[in-house]
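Asker: Encoded as structure tokens, here's the structure I'll be asking about.
The values are calculated or read from the model by the stated rules, or taken from the named source; none is laboratory data. Note that the structure is a prediction, hence the values are computed from the model and not measured. Cβ placement follows ideal geometry from the backbone for every residue including glycine, while neighbour counts extend to all protein chains displayed. The accessibility values were calculated without ligands, DNA or RNA, using every heavy atom of the protein model including side chains. Shrake-Rupley method; radii C 1.70, N 1.55, O 1.52, S 1.80 Å.
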Amino acid sequence: MDGTVSEVPEPEDEEVHRLLRTLLVVVTALALAGSAQAATGDGAKLAAALKGNMVRAYKTSSPELAFTKVTCVLPNMATTAHCKAHFTIVSQRVVGWFAVTASIDRDTGGVRYRTAKPICKDSKTGAPVGC
């Protein structure tokens, strides 16, 4: 050899490419499984309970606020979850969400939550608005 680099891939390179493709498929499948876990199981049960609690709590203070969807990520056997509570205010053309931290008492099934300041956007343009 005269020290030049060959443009023809070596068989080992093909093996590396196959391995990388396989790893990409596995990582993608794991990522999808993790996001699906948020929509099922304990995370989904928590989201349903949290939505009911928030609807009742905001009914008197902000009757124009309608919760549309609540999602929670609750790791297996954890007692703290991170949730997002989406809402609309149709009369003001606003959509938004609260970031929510929920604590669960696994013995009683009780849920306590704390919301952060809501994020609001114009429902037509998506531009940030105050709420």
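Asker: Ignoring ligands, DNA and RNA, how do Thr80, Thr125 rank by accessible area with a 1.4 Å probe, largest first? Don't jump to the answer; show the numbers that get you there.
Answerer: Numbers: Thr80 60, Thr125 100 Å².
Ranked from most to least accessible, the order is Thr125, Thr80.
Asker: Same structure, new question: For Arg93, Arg112, Arg56, give me the order by solvent-accessible area with a 1.4 Å probe, most accessible first, ignoring ligands, DNA and RNA.
Answerer: Descending order: Arg112, Arg56, Arg93.
Asker: In addition: What figure in square angstrom, to the nearest 10, would you give for the accessible area of Ser103 with a 1.4 Å probe?
Answerer: Roughly 50 Å² of Ser103 is accessible to a 1.4 Å probe.
Asker: Sticking with this structure for a sec: Once the other residues with Cβ under 11 Å from the Cβ of Val129 are scored (Lys, Arg +1; Asp, Glu -1), what is the net sum?
Answerer: In short, +2.
Asker: Here's another thing I want to ask about it. When only the heavy atoms of the protein chains count and the probe is 1.4 Å, how do Val94, Val55 rank by accessible area, highest first?
Answerer: Val55, Val94
Asker: Can you give the accessible area of Cys131, probe radius 1.4 Å, in Å² rounded to 10?
Answerer: Its accessible surface works out to 90 Å², give or take rounding.
Asker: Could you give the length gained by full extension between Thr60 and Asp105, i.e. 0.36 nm per residue of separation minus their alpha carbon distance, to one decimal place?
Answerer: Net length gain for the segment: 13.6 nm.
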